[in-house]
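Q: Shown below is the structure under consideration.
The values are calculated or read from the model by the stated rules, or taken from the named source; none is laboratory data. Owing to the predicted nature of the structure, the values given are computational and were not obtained by experimental measurement. Every residue, glycine as well, gets a Cβ built from its backbone with ideal geometry; the counts of neighbours run over all protein chains shown.
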Amino acid sequence: MKSRRRYLTPKQKAELIRQQNFLCRCGCKEPLGTDPREIEFDHMHDLQFGGGNEWENWAALWWENRYIILSALRARQAIREAVAEEREAMAVMAEKWDPGRGGGGNRR
């Protein structure tokens, strides 16, 4: 079940910025600055991919980096899901065609 999106209060945002030592959490080590319009608050592990609203999942990001990071995270998650689907399909095929498992397959 997906978590419902929630938002941080101004007090929580200030605390998050302090906890990050006023640096962008993307890893660029850039200072966040003082203009609140340049700071984005978002989930590091996207809600649509199973992330939650836990405090540890929140990040203060420089607004330009947020879009770059989220695109990369979404692409990585899509790859993980595709790999998992492929593995599942391969397991089904292996079971179907493995004579030792009772499947049909190419028996000689």
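Q: How about segment 1-14: which of its residues are of a type in the set (S, T, N, Q) and loosely packed, with under 14 Cβ neighbours inside 10 Å?
A: Applying the first criterion (of a type in the set (S, T, N, Q)) to segment 1-14 yields 3, 9, 12.
The answer is Thr9, Gln12.
Q: Suppose the filter is outside any strand (DSSP E or B), modelled with pLDDT of 90 or more and surrounded by 10 or more Cβ atoms within 10 Å (Cβ to Cβ); does Glu95 pass it? If you could, list the steps in order and put the result at the bottom.
A: Numbers: outside any strand (DSSP E or B): yes; modelled with pLDDT of 90 or more: no; surrounded by 10 or more Cβ atoms within 10 Å (Cβ to Cβ): yes.
Considered against the rule, which asks whether it is outside any strand (DSSP E or B), modelled with pLDDT of 90 or more and surrounded by 10 or more Cβ atoms within 10 Å (Cβ to Cβ), Glu95 comes out as no.
Q: Next up: Just checking, which of Arg66, Arg108 is touching a strand residue (DSSP E or B) at 6+ places or on another chain (Cβ under 8 Å) and at pLDDT below 80?
A: Working: Arg108 fails: touching a strand residue (DSSP E or B) at 6+ places or on another chain (Cβ under 8 Å).
Arg66 is the lone residue from the list that is touching a strand residue (DSSP E or B) at 6+ places or on another chain (Cβ under 8 Å) and at pLDDT below 80.
Q: Considering segment 31-67 alone, what residues qualify as being in a strand (DSSP E or B), of a type outside the set (A, V, I, L, M) and surrounded by 14 or more Cβ atoms within 10 Å (Cβ to Cβ)?
A: Keep residues of segment 31-67 that are in a strand (DSSP E or B), which gives 31, 39-43, 58-62.
Retained after the next criterion (residues that are of a type outside the set (A, V, I, L, M)): 31, 40-43, 58, 62.
Hits for segment 31-67 are Glu40, Phe41, Asp42, His43, Trp58, Trp62.
Q: What's the number of the condition Ile17 fails, among (1) part of a helix (DSSP H, G or I); (2) within 17 Å of the chain's Cα centre (by Cα); (3) surrounded by 14 or more Cβ atoms within 10 Å (Cβ to Cβ)?
A: Single failed check for Ile17: (2).
Q: Could you please let me know if Ala72 is surrounded by 13 or more Cβ atoms within 10 Å (Cβ to Cβ), outside any loop (DSSP other than H, G, I, E, B) and out of contact with any Leu (no Cβ under 8 Å at 6 or more places or on another chain)? First the steps, then the outcome.
A: On the way: surrounded by 13 or more Cβ atoms within 10 Å (Cβ to Cβ): no; outside any loop (DSSP other than H, G, I, E, B): yes; out of contact with any Leu (no Cβ under 8 Å at 6 or more places or on another chain): yes.
Judged against the criteria, Ala72 is not a match.
Q: Looking at segment 1-51, which of its residues are touching a residue at least 40 places away in the same chain (Cβ under 8 Å) and aliphatic (A, V, I, L, M)?
A: Matches in segment 1-51: Leu8, Leu16, Ile17, Leu47.
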